[in-house]
Structures are given as structure tokens and as C-alpha cells.
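The values are calculated or read from the model by the stated rules, or taken from the named source; none is laboratory data. Keep in mind that what you see is a predicted model, and the values were worked out from it rather than measured. Don't worry about glycine lacking a Cβ; one is built from the backbone with ideal geometry, like all the others, and counts go over all protein chains shown. When the accessible area is computed, the model is the full protein with side chains, heavy atoms only, and any ligands, DNA or RNA have been set aside. Shrake-Rupley method; radii C 1.70, N 1.55, O 1.52, S 1.80 Å.
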Amino acid sequence: MNPFVQFVKDLSDRLGSGFSSLNGNDPGKVAYVRNLEREMKNRDPMDVPLEELPVVVFDLETTGFFPYKGDSILSIGAVKVRRGVVSPEDTFYSLVHHDKELSQEIKDLTGLKEEDVAKAPPLRDVLKDFYSFVKNDVLVAHHAHHEKQFMSHATWLALRKSFQHRIVDSAFIPKVTHEDKGMLSLDDCCDYYQIPIQQRHHALYDAVATAELWVKGVKELQEVEVHTLGELYTKIATMS
């Protein structure tokens, strides 16, 4: 297989399909979700200019790093970016129900307490609301492998459906535009671009900061003649 094709295949994160039974008792909602499935199958964002690509930038706070070993999602935060502008009025945030004791490390890191998540809505309801917010937009996350594996596991666990949205890793951008600076973490990137984070390790505030990073990064990509996801992936493939 062509290395670029394989690279895109690995990164495109089209992991199956099917949300048709999310609202099986509501014919109107079933029709809407089936239409969404068709749109996602037919719409290829690889050639859409990055500044025109509608994206939802999101972040998760979790109990650890390994969903398949019992770690779970504690909160989801997201914000929309439209035509190169972060939309602060278009945000999503929810805690997720968790009835087990949180480690002291997680409580210190996130500021969350057992009583906060104990009264939160169940994972199924949060995911349904989140996907309703996202619709068929491309997702963006920083070091997206973490979000990908948790969303894949949670979507199957709670909804018995495969996670099908494409996720783009915002960490790819500084790899292309500032490879010599070795910026890896969200903190490193935000420090460089002077992006404030209102509260670190809060899913919504981290998502907003990542969205600002995405917007600034897309402008810099244009300066190096990278205008689409396809061109971004090609550039990264040639650097690897």
C-alpha cells in the first residue's frame, strides 16, 4: 500500500458506522441520524480548505489512560470553530456519572470530587447530547489518541455503536510549522502562542485553548502552503 494512503488510513479515524439506533423509539430522530450517516459517508473533508472546515474541538478528563482496563470518562468539553473563528457561544460541557472513588491524583489534577460526578448524567445521555452537538463536523483534539481510544470504547460500551467521526490531532500542526522547537504538550504550544488557559485540566477550558491553537496553527499552515487536511497529512508523511 502507498505509504500516504496507509498513513491517512491510520489517522482518518473512520471507525465503522452506525448511530441509527440511538433513538430507536423516535422515527424522526432515526431519520435524522440515518441522514447524518449518509452525509458522513459521502462528505470527504480531505480537500476542504482548513479555514473553511467546520470543526468541533474537544477534550476529555478521565480517571486514567487505559479505557480497556477500566478507566472512564469524567467530563467532556467542546467548542465549535467556524471559518477560522472560535465560537465561544457554541460550547458543550458535561460531567459524566461515576460512582467509584477518584484517586487523589485525579482530584488534584482536575479539581473534581466524587460528589460532582456521582450526581452527573449517565454516559449514554452525555454521549447522545455530545453527538447531537457535533453532528457531522470533524473533531479536533490535542494528542488525539487519548480521546480516540476513550470515545471508541465509551461509544461502544454505552451505545453499542462504533465511533465514526474523524479526529484530527492538533499536535500535528506545530510538528509541521515549528518542528525545530519540539513543542509537544498543550502547555508548550499555548506558552509559545501566548494562549491563556482559564483552568488547566478542565475539559471545556482545555478545549477552548486547543481551539485557539487550531486557529493560529491553520493560519501558519497556509504560510507553508498547507491548505487542506490532505496536504497536512502528506506533509507529515514526508517528514516521518
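Residues in the stretch 160-171 that are surrounded by 14 or more Cβ atoms within 10 Å (Cβ to Cβ) and either under 17 Å from ASP206 (Cα atoms) or basic (Lys, Arg) (or both): how many? Outline the logic, then answer.
Applying the first criterion (surrounded by 14 or more Cβ atoms within 10 Å (Cβ to Cβ)) to the stretch 160-171 yields 161-171.
Restricting the remaining residues to those that are either under 17 Å from ASP206 (Cα atoms) or basic (Lys, Arg) (or both) gives 161, 166-171.
Result for the stretch 160-171: 7.
Can you tell me which residues in the stretch 77-88 are crowded, with 19+ Cβ neighbours inside 10 Å and either farther than 15 Å from GLU147 by Cβ or among the hydrophobic types (A, V, I, L, M, F, W, C) (or both)? Let's see the steps before the verdict.
Step one: list which residues in the stretch 77-88 are crowded, with 19+ Cβ neighbours inside 10 Å, which gives 77-81, 86.
Answer for the stretch 77-88, where residues must be crowded, with 19+ Cβ neighbours inside 10 Å and either farther than 15 Å from GLU147 by Cβ or among the hydrophobic types (A, V, I, L, M, F, W, C) (or both): ALA78, VAL79, LYS80, VAL81, VAL86.
Does the stretch 125-144 hold any residues that are part of a loop (DSSP other than H, G, I, E, B), touching a helix residue (DSSP H, G or I) at 6+ places or on another chain (Cβ under 6 Å) and at pLDDT 95 or above, and which are they? Break it down stepwise before answering.
Going through the stretch 125-144, the residues part of a loop (DSSP other than H, G, I, E, B) turn out to be 135-137, 142-144.
Still in the running and touching a helix residue (DSSP H, G or I) at 6+ places or on another chain (Cβ under 6 Å): 136, 142.
Scanning the stretch 125-144 gives a single hit, HIS142.
Kindly indicate whether LEU74 is open to solvent by 30 Å² or more (accessible area, probe 1.4 Å), in contact with a strand residue (DSSP E or B) (Cβ under 8 Å, 6 or more places away or on another chain) and aliphatic (A, V, I, L, M).
Values: open to solvent by 30 Å² or more (accessible area, probe 1.4 Å): no; in contact with a strand residue (DSSP E or B) (Cβ under 8 Å, 6 or more places away or on another chain): yes; aliphatic (A, V, I, L, M): yes.
When the stated conditions are applied, LEU74 does not pass them.
Could you say whether any residue in the stretch 135-146 is among the charged types (D, E, K, R) and farther than 24 Å from ASP108 by Cβ? Steps first, please.
Pass one, the stretch 135-146, residues among the charged types (D, E, K, R): 135, 137.
Now drop any that are not farther than 24 Å from ASP108 by Cβ, which leaves 135, 137.
Yes, because at least one residue in the stretch 135-146 is among the charged types (D, E, K, R) and farther than 24 Å from ASP108 by Cβ.
Please find, among THR91, THR62, the residue that is at pLDDT 95 or above, of a type in the set (Val, Ile, Thr), within 16 Å of the chain's Cα centre (by Cα) and open to solvent by 30 Å² or more (accessible area, probe 1.4 Å). Outline the logic, then answer.
Working: THR62 fails: open to solvent by 30 Å² or more (accessible area, probe 1.4 Å).
Sole residue among the options that is at pLDDT 95 or above, of a type in the set (Val, Ile, Thr), within 16 Å of the chain's Cα centre (by Cα) and open to solvent by 30 Å² or more (accessible area, probe 1.4 Å): THR91.
Filter the stretch 190-225 for residues that are buried (at least 22 other Cβ atoms within 10 Å of the Cβ) and within 18 Å of ILE76 (Cα to Cα) and give the result.
Listed by number, the residues that qualify are ALA203, ASP206, ALA207, VAL208, ALA209, THR210, ALA211.
For residues that are out of contact with any helix residue (DSSP H, G or I) (no Cβ under 9 Å at 6 or more places or on another chain) and assigned to a helix (DSSP H, G or I), tally how many sit in the stretch 93-124.
Residues meeting the conditions: 9.
Can you give me the number of residues within the stretch 110-129 that are surrounded by 14 or more Cβ atoms within 10 Å (Cβ to Cβ) and either in contact (Cβ under 8 Å) with a residue 60 or more places away in the chain or of a type in the set (Gly, Ala, Ser) (or both)?
Adding up the residues that qualify gives 3.
I'm trying to understand the selection: among the residues of the stretch 151-181, which are touching a Gly at 6+ places or on another chain (Cβ under 8 Å) and of a type in the set (S, T, N, Q)?
Here is the first cut: in the stretch 151-181, the residues touching a Gly at 6+ places or on another chain (Cβ under 8 Å) are 161-164, 170, 173-174, 177.
Listed by number, the residues that qualify are SER162, GLN164, SER170, THR177.
Looking at (1) at pLDDT 60 or above; (2) farther than 24 Å from GLY111 by Cβ; (3) open to solvent by less than 10 Å² (accessible area, probe 1.4 Å); (4) out of contact with any Pro (no Cβ under 6 Å at 6 or more places or on another chain), find the lone condition where PRO67 falls short.
Among (1) at pLDDT 60 or above; (2) farther than 24 Å from GLY111 by Cβ; (3) open to solvent by less than 10 Å² (accessible area, probe 1.4 Å); (4) out of contact with any Pro (no Cβ under 6 Å at 6 or more places or on another chain), the lone unmet condition for PRO67 is (2).
If you scan the stretch 226-235, which residues turn out to be closer than 14 Å to HIS178 by Cα and surrounded by fewer than 19 Cβ atoms within 10 Å (Cβ to Cβ)?
LYS235
Check SER75 against each of (1) at pLDDT below 95; (2) of a type in the set (Ser, Thr, Tyr); (3) touching a Leu at 6+ places or on another chain (Cβ under 8 Å) and name the one condition it does not meet.
Looking at each condition in turn, SER75 falls short on (1).
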